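Values in this text are rule-based calculations from the coordinates and carry no lab data. Owing to the predicted nature of the structure, the values given are computational and were not obtained by experimental measurement. Please note: Cβ atoms are built from the backbone with ideal geometry, for glycine as well, and neighbour counts cover all protein chains shown.
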C-alpha cells in the first residue's frame, strides 16, 4: 500500500493524525506527512478512514 500527502491540498487540520497517528503526523510547517514507509496491513482500515475524513482530499492511497 502506498500512502502520500498532496501537500498543496493539506490545511493541517490534524484529522489524519487523530485517526491514524502511526502513519500520519502534522509537521512544524503545519502540513501532514507520512511517517511510516512499511505500512502494516492491519492499519489499512484506519488509513482509509483518514483519507475519507480528510476535508481537502489531501491523502492519496494506492493499492488499498
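In whole percent, what relative contact order does the chain give with Cα contacts below 8 Å and a gap of six or more residues? Numbers along the way, then the final one.
Details: 102 pairs, mean separation 29.0, N = 64.
Here the relative contact order equals 45 percent.
Helix-only estimate, please: 222 nm mean residue ellipticity of the chain, summing -39500 (n - 2.57) across DSSP H runs of length 4 or more and dividing by its residues, to the nearest 500.
Calculated mean residue ellipticity at 222 nm is -6000 deg cm²/dmol.
Among 34, 3, rank each residue by its count of other Cβ atoms within 10 Å, from fewest to most, as a rough exposure measure.
Numbers: 34 17, 3 24.
Ascending Cβ contact count within 10 Å gives the list 34, 3.
Mind telling me which of 49, 41, 17 comes out most flexible in a GNM of the chain, alpha-carbon contacts under 10 Å?
Between 49, 41, 17, it is 41 that shows the largest mean-square fluctuation.
So how much slack lies between residue 21 and residue 2, counting 0.36 nm per residue of separation and subtracting their Cα-Cα distance, in nm?
Numbers: separation 19, 0.36 × 19 = 6.84 nm, distance 1.63 nm.
Working it through step by step, the gained length comes to 5.2 nm.
Rounded to whole Å and ordered largest first, report the semi-axes of the equivalent ellipsoid of the chain derived from its Cα gyration tensor (root of 5λ). Please list the in-between numbers first.
Numbers: eigenvalues 57, 27, 22 Å².
Here the semi-axes work out to 17, 12, 10 Å.
Alpha carbon centre of segment 2-35 versus segment 40-64: separation in Å?
A separation of 11 Å, based on Cα centres.
Label residue 33 and residue 13 with points 7 Å out from Cα along Cα→Cβ: what is the distance between them in nm?
2.3
Give the angle, between 0 and 90 degrees and rounded to the nearest 10, that separates the Cα long axis of helix 44-53 from the longest principal axis of the Cα atoms of the chain.
With both axes taken from Cα atoms, the answer is about 30 degrees.
Neighbour counts of other C-beta atoms within 10 Å: give me 29, 52 arranged from fewest to most. Don't jump to the answer; show the numbers that get you there.
Numbers: 29 9, 52 12.
Neighbour counts put them in this order, fewest first: 29, 52.
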